[in-house]
Each structure stands twice: as structure tokens, then as C-alpha cells.
Amino acid sequence: MTLLRDLGRRRLRTTLTILGITIGIWALVVFGSMSNKINAIVDGGSDFYADKVTVAANGSGMGFGQPLDIDTVAEVEAIDGVALAVPSIGMPMEDEMSSSGLGMEYISGEVAGANQGLESFQLNVATGRELTAQDEGSYVTVLGSDLTRQLSATVGDTVDIRGVDFEVVGILEPTLTMPDSSAMMPLAASQELFVEMIPAMFAEDLDPAQVVSGLTVYPQTGVDPELLAADLRAANPDWDVMSAADFDEQIGSATAIFNAILVGIALISLAVGGLSIINTMAMSVAERTREIGIKRAIGGSRSRIVSELVAESALIGFLGGVIGLILGAGVAWLGNELGRESGFLLFLLTPATALTAVAFATILGALAGLVPALHAARLDPVTALRYE
């Protein structure tokens, strides 16, 4: 209460100083939440590639693009170190890629269980059921959580995917990664959609059952996926091989730069707020010189003077941090709510981000008030009592 009373002596100045910190923390929370969402997607990709390699036609990029002949499976499995190669289809749901949760709404087709239990990247069904090998030949799908909201679908509904009706048999639990924006379906059904996407002049002689967009390659026990990726590239230069290191290099480095820009913007805002605290506390010391002199004259120690003033500046930082967190959380919530129908979820505010924001603001406030506090503690009591 004493600290609040002291801050209340100069309400306008204190309010403006708190506002400066609020803006900085607001920026930190908003941009930090955006960064969290991007990192979650990238981390999901890193986890997926951690123990496997993907193969696609040259120039396709992560399995999206040119077709591979199904015979490529046998060719890949003949290479030393390969335990299993699983054919799959990966393609966008729309010809024009649209955003969904910072990813792309996409179709994923594979024979259920074809990985023979080697897949470590597990997805759980929230409602309904998973796909089974018996679903081959039928038009059923399991939807990701974001895509489900976008399509307003529930288990048992029929959804239109590239002009074909699919029955929704399951909905995945949220993963905060790309599967949230996916429609998983039997391989045969996805092959038909994939061939339809290829220009007619190239697709007229294609048998859908003979083409895939990529392979997921599982190494044998004890085989380094990175070494296997090198062997695959050497075996056929026309294959586009993606390993965990390739994914991190292509996606992770770009994400790191983007994150640095976001955090840099927020830190600049906080630096401005910190300078405003220094200015406010310096003026406070000047205005309260006689008061400080009296405290020193009646036995107040230098450490007590410092602790009181630092506590005031820390309180300013804390108040600015809490208000900034509330406003930033509001923006993140509103942004996600506005994009929920379309599946465009841009923000991910975590407890760690929230606590870090408030703690950072409080520490920044304390540090910013330390210099004026030390100056106040060094004042000569006699000189301070004569100050006008």
C-alpha cells in the first residue's frame, strides 16, 4: 500500500510509464504467441523426420508435386539399410494453397498399417475411429482438428474434398502441428485425387494405382537416417530426399530468422519502456530529495532507500506486465476466434510465455530503477535536507 501511495503522488507520470511497459509486454506476448505457433509446427516436422527419410520426385519438396512410379518402392527397398518404404500421397486440398494454422490444408493418403509399427510420430483420434486397411477402396477420411472446424464437420458427416464426397469416420486430437490441417484417407482414394490434379496432357495415360507422390523410408535398426539419406541420393539423383537435417536447414533456419525479427520488435518496445522507467524514477528522486534526506537523517540505511525505490520501479514494471499480458492474451484469443472458422489459428499463448512476460517486465522495472535508487542512496543527508 505504501508503494501504491508513493506512485499515486504522480499519477499521470506513473500511468504513462506503466503504459510504456504495457505496450512492450503487449508486443512481446502477441509476437511471442505467434512465434510459439510457428515453432510448434516446425517442431512437429522435426519430430516426424527424426527417425526416417522421405523420397519424392526431384523438385517436389517434402512429397508435394511430381508423381513417382509405384515401382520406386521396390527400388528403394533394395538399397542397403532400408527396412521399409511406404508409398503415400501428399497434396494440397485446393489448387490455390490457403493458410490454415500457418500451414496448408492438405490431403494425406496411405494404406493404414502399412508402416508395420515403425512410425514413431503418433496421432490420436479424439472422436470416431482411425483408418484401417479395410478402408481401401472406400471414400472415408479422418480430419485434423483445425480442418474439422473449418468444414464444420462431425463424425458421420459427408465432406467435399476436391469434388468427391468423403464420409468423416474420425477426428484427430489437436497436435498444434500440420496434421491439424489434414484430411487423411485411404491410399487408393488419394491416388485418384492426385491424378485428377495433374494436367490432363500428362495424366491421360496414368493409372492412379501406379503413382504416388512420395515414399516414407524407415531405416533398419542401427542405421543412421542421415547416412541412409546420402545413400538414397547417390542411388538416384532424380529423387528428392528429405531427412531431419534437411528439414531443419530448409525450415528451421528460416523460422529462426523470423522468430528473431518478432522478438527483436518486442524487445525494442520494452527497451523504450525501460528508459521511461529510468526517467520516471530519476524525476521521483529529484522531487523527493528532502524526503530521502529526512529518512537518512533519522537512521534510514542506504540499502533501505535503494530497496524502497527499486520496489517502486519493480511494481511499475509488474503492473505494466500484467496489463500488457491481459491485452496481449486478448489479441491472441480474438485473432484465433476470428480465424477459427477458416482454420487459421495464428497464436499459441503458453503459460511459459505469460509468466516470462510478467517476470521480464518486473525485472526490467527493478533494473531500470536501480541507477536512480543508487544515486538517491548516495545523497548527503545534510545537503538533501537543504534541497528546495
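The values are calculated or read from the model by the stated rules, or taken from the named source; none is laboratory data. It should be emphasised that the depicted structure is a prediction, and the values quoted were computed from it without experimental measurement. Counting neighbours? That spans all protein chains shown, and the Cβs are built from the backbone with ideal geometry, glycine included. These area figures cover heavy atoms from the full protein model, side chains too; ligands, DNA and RNA do not enter into them. Shrake-Rupley method; radii C 1.70, N 1.55, O 1.52, S 1.80 Å.
When you look at Glu312, is it open to solvent by less than 30 Å² (accessible area, probe 1.4 Å), part of a helix (DSSP H, G or I), modelled with pLDDT of 80 or more and over 14 Å from Val29 (Cα atoms), yes or no? So that I can check it myself, show each step before the final result.
Details: open to solvent by less than 30 Å² (accessible area, probe 1.4 Å): yes; part of a helix (DSSP H, G or I): yes; modelled with pLDDT of 80 or more: yes; over 14 Å from Val29 (Cα atoms): yes.
So Glu312 passes the test.
Go through the range 242-262 and give me each residue that's open to solvent by less than 50 Å² (accessible area, probe 1.4 Å) and either among the polar types (S, T, N, Q) or farther than 19 Å from Phe121 by Cα (or both).
Answer for the range 242-262, where residues must be open to solvent by less than 50 Å² (accessible area, probe 1.4 Å) and either among the polar types (S, T, N, Q) or farther than 19 Å from Phe121 by Cα (or both): Ser243, Thr255, Asn259, Leu262.
Which one is most open to solvent (accessible area, probe 1.4 Å), of the residues in the range 146-170 that are more than 24 Å from Glu196 (Cβ to Cβ) and in a loop (DSSP other than H, G, I, E, B)?
Ser152
Could you say which residue among Ile268, Ile305 is at pLDDT 75 or above, open to solvent by 40 Å² or more (accessible area, probe 1.4 Å), part of a helix (DSSP H, G or I) and not small (Gly, Ala, Ser)? Walk me through it before giving the result.
Details: Ile305 fails: open to solvent by 40 Å² or more (accessible area, probe 1.4 Å).
Among Ile268, Ile305, only Ile268 is at pLDDT 75 or above, open to solvent by 40 Å² or more (accessible area, probe 1.4 Å), part of a helix (DSSP H, G or I) and not small (Gly, Ala, Ser).
Give the range 324-359 a look and list any residue that's among the β-branched types (Val, Ile, Thr) and either modelled with pLDDT under 90 or part of a helix (DSSP H, G or I) (or both), or say none. Please lay out each step first, then the result.
First, pick out the residues of the range 324-359 that are among the β-branched types (Val, Ile, Thr): 326, 331, 350, 353, 356, 358.
Answer for the range 324-359, where residues must be among the β-branched types (Val, Ile, Thr) and either modelled with pLDDT under 90 or part of a helix (DSSP H, G or I) (or both): Ile326, Val331, Thr353, Thr356, Val358.
How many residues are open to solvent by less than 20 Å² (accessible area, probe 1.4 Å) and either within 25 Å of the chain's Cα centre (by Cα) or at pLDDT 95 or above (or both) if we restrict to the range 61-71? Write out each step before concluding.
Restricting attention to the range 61-71, the residues satisfying the condition of being open to solvent by less than 20 Å² (accessible area, probe 1.4 Å) are 63, 68.
Then keep just the ones that are either within 25 Å of the chain's Cα centre (by Cα) or at pLDDT 95 or above (or both); that gives 63.
So the count comes out to 1.
For Met34, indicate whether it is surrounded by 17 or more Cβ atoms within 10 Å (Cβ to Cβ) and at pLDDT below 90. Even if it seems obvious, please write down each step before you answer.
Numbers: surrounded by 17 or more Cβ atoms within 10 Å (Cβ to Cβ): yes; at pLDDT below 90: yes.
It is true that Met34 is surrounded by 17 or more Cβ atoms within 10 Å (Cβ to Cβ) and at pLDDT below 90.
Does Ala209 meet the test of being of a type in the set (Gly, Ala, Ser) and surrounded by fewer than 23 Cβ atoms within 10 Å (Cβ to Cβ)?
Numbers: of a type in the set (Gly, Ala, Ser): yes; surrounded by fewer than 23 Cβ atoms within 10 Å (Cβ to Cβ): yes.
Yes: the conditions hold for Ala209.
Give the range 122-145 a look and list any residue that's surrounded by fewer than 16 Cβ atoms within 10 Å (Cβ to Cβ) and outside any loop (DSSP other than H, G, I, E, B), or say none.
Val125, Ala126, Thr127, Ala133, Gln134, listed by residue number.
Residues in the range 211-246 that are closer than 18 Å to Ala74 by Cα, aliphatic (A, V, I, L, M) and outside any helix (DSSP H, G or I): how many?
5
Under 9 Å by Cβ, and 6 or more places apart or on different chains, what pairs join a residue from the range 345-361 that is surrounded by fewer than 22 Cβ atoms within 10 Å (Cβ to Cβ) with one that is of a type in the set (Lys, Arg)?
These pairs meet every condition: Leu346/Lys37; Leu348/Lys37.
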